[in-house]
1. Suppose every K and R has +1 on its Cβ and every D and E has -1 on its Cβ; what is the size of the dipole of the stretch 3-137 about the Cα centre, in Debye to the nearest 20?
2. Around Val60, what is the net charge, scoring Lys/Arg as +1 and Asp/Glu as -1 over all other residues with Cβ under 12 Å from its Cβ?
3. Suppose each label sits 7 Å from its Cα in the direction of the beta carbon; what would the Thr52-Ile3 distance come out to in nanometres?
4. Just want to confirm a number: the relative contact order over the chain, from Cα pairs under 8 angstrom separated by 6+ residues, in percent.
5. Testing the spin-label approximation: label points 7 Å from Cα along Cα→Cβ at Ala59 and Thr114. State their distance in nm.
6. Distance in nm between label sites at Leu137 and Tyr83, each 7 Å beyond Cα in the beta-carbon direction?
7. Before rounding to the nearest 500, sum -39500 (n - 2.57) across all DSSP H runs of length at least 4 in the chain and divide by the residue total; then give [θ] at 222 nm in deg cm²/dmol.
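Laboratory data are not the source of any read-out in this text; all were calculated from the coordinates shown. As the structure is a prediction and not an experimental result, all values here were calculated from the model. Note that we place each Cβ from the backbone using ideal geometry, even for glycine, and neighbour counts take in every protein chain shown.
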Amino acid sequence: MGIETRSLEVTTQGNTDILDITEAVRHCAQETGFANGLVNVFIGGATAGITTLECEPGAVSDLQAGLERIAPENLGYLHNEAYPDGTGHSPVRAALLGPEVTLPLINGALALGTWQRVVLVDFDNRPRRRKIIVQCLG
């Protein structure tokens, strides 16, 4: 049993930008040579999240619209009183989505459903360079 850690860097546009990182995660897992185990994908920071999604335009738009309904950008957030940068909605959305997802690795392949993709969602209100940690246990 071993643990291997890799990192990915991506540039986002912010404003609930959704990036499909599945192939990069798959590559990290394959690099380890593990046949079976777990792959944890984690984003540091309080304004982004990691999840899985059927990454087609309708589902992407539906997730963006749903998060806007749950934590509207222009709601009066106390965070914006302390830090007037207009990002009060960002940590709320990130907390709801969560910073990580753990996937089974079976026979060297990520155990994802047919249309299921691993995505990074950036809630900040500006473009960002994001570092993603991919940790494999196998």
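1. Taking the Cα centre of the stretch 3-137 as origin, the dipole is about 240 debye.
2. Here the charged neighbours net out to -4.
3. 2.3 nm
4. For the chain, the relative contact order is 54 percent.
5. 1.2 nm
6. The two pseudo-label positions are separated by 3.0 nm.
7. -8000 deg cm²/dmol
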